[in-house]
């Protein structure tokens, strides 16, 4: 089946936003507060600005390849063997990302709701549901993201309005009190909250109107930056910079304290977990599909259902590898920077350079 031109501008925007807004956002305010205190909002803006040229390079690399599939682009520019190896590494990096995020979500779920449920069982059920969605391929993924988008952001933003009642808005001060080195360190940890943008390698070739790709991508980036800023400064308003670094997931603690007059809900943990479930599942399903699609193309499999037989056991084993939540964050802080650097910086530059060289060679031969 020819899938060219099946993604609209709105679809592209929604999938980019929902992929980036994974479970990492719930630890994001703590990470920034540890690095730059009350200046986290500035680091988010700077990180977003840095992402713009990187995304443009990815776009140009894909455009130079004639909007080929990701694996075809790799093999055409880098050779069959090297292209397949890099494709497998990119797929594996995406599986590592979602396996660590899955383990984080599982630990939180056990902490607040399912204390006696085995970790293995929770992970198995989540993989089962994700596999069902991925089997429907890109059309099912897009429909799921369109529904999830509104369920993710609208309730959270409404809840924040109630959280702000009684908050101290002066907690965001003082500002601009850190050294350039501290801001650089903050950006180093901040920018990898944008890991997940590699999904565009699959999305761009499928977009109907190619001329709108850059504009829509930047809109998605701006949306995420604004959402990150809102979460970060709200956590500061509620807890202050002295307390935010002590919280593992500040937004979860913050939203659990929501008090809406007239409601019959006494414990908001279940409601918050339902929000977190949607945030996690969009990132999980999108990157799960991305990695399975790469595996299918690399090994020339007939159907993504066959590639799932390969990716699913790897995802399950990696999710169970860390012994506890502390080890999960140790692995994330060690591996995610390299994954982000490889997929978002090094690979696009190599593909763009090799694509330009290849295009000139073909032109000279003609």
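No value in this document is a laboratory result; all are computed from the given coordinates. Everything numeric here is computed off the predicted structure, so don't read it as measured data. Reconstructed Cβ throughout: ideal geometry from the backbone, glycine too, with neighbour counts over all protein chains shown.
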- Message: I'd like the orientation of helix 269-298 relative to the chain: the angle between its Cα long axis and the longest Cα principal axis, in ° from 0 to 90, rounded to 10.
- Response: 10 degrees
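What do you get when you divide the Cα radius of gyration of the stretch 154-231 by 2.2 N^0.38 Å, with N the number of residues?
Values: Rg = 17.4 Å, N = 78, 2.2 N^0.38 = 11.5 Å.
With N residues counted in the stretch 154-231, Rg over 2.2 N^0.38 Å equals 1.51.
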- Message: Tell me the angle of helix 347-365 to the major Cα principal axis of the chain, expressed in degrees between 0 and 90 and rounded to the nearest ten.
- Response: 20 degrees
- Query: Of 37, 136, 83, which is the most mobile in a GNM of the chain whose springs link Cα atoms less than 10 angstrom apart?
  - Reply: 136
- Taking a label point 7 Å from the Cα of residue 243 along Cα-to-Cβ, the residues of the stretch 164-190 whose backbone nitrogen sits under 18 Å from it are 164-174
- Which of 224, 331, 45 moves most in a GNM of the chain, Cα contacts under 10 Å? 331
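For the chain, calculate the relative contact order in percent as a whole number, restricting contacts to Cα pairs under 8 Å that are 6 or more residues apart. List each step's numbers first, then the result.
On the way: 452 pairs, mean separation 154.6, N = 366.
In percent, rounded to a whole number, it is 42.
Sort the following peptides by mean Cβ neighbour count (other Cβ atoms within 10 Å, averaged over residues), highest first: 293-300, 92-99. Each step should come with its number before you reach the end.
Values: 293-300: 20.0, 92-99: 23.6.
So the peptides 293-300, 92-99, ranked by packing, come out 92-99, 293-300.
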- Task: For a label point 7 Å from the Cα of residue 358 along Cα→C-beta, name the residues of the stretch 39-82 whose backbone N is under 12 Å from it.
- Result: 61-82
- Task: Per DSSP H run of n ≥ 4, the term is -39500 (n - 2.57); total these for the chain, divide by its residue number, and report the mean residue ellipticity at 222 nm rounded to 500 deg cm²/dmol.
- Result: -24500 deg cm²/dmol
- Query: Over its Cα atoms, what ratio of radius of gyration to 2.2 N^0.38 Å does the stretch 96-155 give?
  - Reply: 1.29
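Based on the Cα atoms of the stretch 9-347, what semi-axes does the equivalent ellipsoid have, where each is the square root of 5 times one gyration tensor eigenvalue, given in whole Å with the largest first?
Working: eigenvalues 210, 112, 69 Å².
The three semi-axes for the stretch 9-347 are 32, 24, 19 Å.
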- Taking only Cα atoms and a 10 Å spring cutoff, compute GNM fluctuations for the chain and point out the largest among 199, 147, 350. 147
- Item | Potential extension, residue 212-residue 341 segment - 0.36 nm per residue separation minus Cα distance | 43.8 nm
- Simple spin-label estimate for residue 117 and residue 165 in nanometres, 7 Å along Cα-Cβ: 3.1 nm
- Message: What is the angle, in °, between the Cα long axis of helix 119-135 and the longest principal axis of the Cα atoms in the chain? Nearest 10 is fine, range 0 to 90.
- Response: 50 degrees
- Task: Identify the residues of the stretch 156-200 with backbone N under 14 Å of a label point that sits 7 angstrom from the Cα of residue 334 along the Cα-to-Cβ direction, or state none.
- Result: none
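What's the extension gain from residue 321 to residue 125 if we count 0.36 nm per residue and subtract their Cα-Cα distance? The partial results should precede the final answer.
On the way: separation 196, 0.36 × 196 = 70.56 nm, distance 1.72 nm.
Full extension of this stretch gives 68.8 nm more.
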